[in-house]
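The values are calculated or read from the model by the stated rules, or taken from the named source; none is laboratory data. No experiment lies behind these values; they were computed from the predicted model shown. Backbone-built Cβ (ideal geometry, glycine too); neighbour counts: all protein chains shown. Areas reflect the complete protein model, heavy atoms only, side chains present, ligands, DNA and RNA absent. Shrake-Rupley method; radii C 1.70, N 1.55, O 1.52, S 1.80 Å.
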Amino acid sequence: MQRPLIRLASIVLLALGLGGCGDDHREERLRAAGPHPSLDALMKVADADVGARKFRQCAACHSIIEGASDRGGPNLYGVFGKPIASNSPRYGYTAALSSHGGTWDERTLNAWIANPMKMVPGTTMQFAGVEDPLTRADLIAYLRSQTPGK
Ligand code: HEC
């Protein structure tokens with residue numbers, strides 16, 4: 001009597017375990033990053049594959065394939081390390097973004113993804129921003145992974 005029950009229990013546990021595979025190891029990664037993690041600490045535990053999934057919220061406006069056309073926003077393939085407002089030369093950037101200066105690195109991308117309108121008042125990137133710091137780090141890791149040589 002006991003054996004089939006045990007077998008059933010292990011099937012249920014296995015199913016739960018497999019279901020957990022889609023999870024992004026968030027708690028483990030946050031633990032590894034330590035309390036009140038800095039951006040550098042978050043970048044050490046950032047996961048580009050998770051970022052790829054989170055990029056769905058950007059994909060309404062951005063392609064990220066080499067040579068793909070711009071959507072509402074510029075193509076982001078290779079944007080990591082580029083001067084701000086230069087990734088897609090055909091794209092009509094706002095004067096606000098074009099005159100900002102600087103390059104897209106961890107720090108500027110983090111501020112931008114958190115709140116584009118705060119970083120660059122007058123930008124046309126109509127996006128509320130990503131509140132969660134680990135999700136931002138994952139997105140930055142993904143953008144970097146889609147930049148050859150970075
Ligand atoms: C509703 C549309 C929209 C969404 C959603 C959106 N963006 Fe944008 N994005 C834009 C527009 C429009 C611009 C150009 C802004 C300007 O010229 O001021 C832009 C510009 C950018 C740039 C600057 C590129 C360069 O060449 O300097 C980056 C980086 C960027 N977006 C990243 C993201 C990321 C990452 C997400 C998702 C977390 C996202 N965007 C979501 C519309 C969007």
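Leu16 is checked against (1) under 16 Å from the mean Cα position of the chain (by Cα); (2) at pLDDT below 95 and fails just one. What number does that condition carry?
Failing condition for Leu16: (1).
Would you check which residues across region 66-76 are open to solvent by 70 Å² or more (accessible area, probe 1.4 Å) and either among the aliphatic types (A, V, I, L, M) or closer than 16 Å to Gly149 by Cα (or both) and list them?
Hit for region 66-76 is Glu66, nothing else.
Is it the case that region 78-89 has a residue that's within 17 Å of the chain's Cα centre (by Cα), more than 9 Å from the ligand (Cβ to nearest atom) and either at pLDDT 95 or above or closer than 28 Å to His25 by Cα (or both)?
Yes, region 78-89 contains at least one residue that is within 17 Å of the chain's Cα centre (by Cα), more than 9 Å from the ligand (Cβ to nearest atom) and either at pLDDT 95 or above or closer than 28 Å to His25 by Cα (or both).
Determine if region 27-39 includes at least one residue that is open to solvent by less than 30 Å² (accessible area, probe 1.4 Å) and basic (Lys, Arg).
Checking region 27-39: at least one residue is open to solvent by less than 30 Å² (accessible area, probe 1.4 Å) and basic (Lys, Arg).
Give me a count of the residues in region 107-137 that are out of contact with any Lys or Arg (no Cβ under 6 Å at 6 or more places or on another chain), within 20 Å of Pro35 (Cα to Cα) and not small (Gly, Ala, Ser).
6
Let me confirm something: among Asp105, Asp70, which residue is under 26 Å from Asp132 (Cβ atoms) and more than 6 Å from the ligand (Cβ to nearest atom)?
Asp105
Considering (1) open to solvent by less than 60 Å² (accessible area, probe 1.4 Å); (2) at pLDDT 95 or above; (3) more than 26 Å from Met119 (Cβ to Cβ), say which one Ser63 fails and leave the rest.
With (1) open to solvent by less than 60 Å² (accessible area, probe 1.4 Å); (2) at pLDDT 95 or above; (3) more than 26 Å from Met119 (Cβ to Cβ) applied to Ser63, the lone miss is (3).
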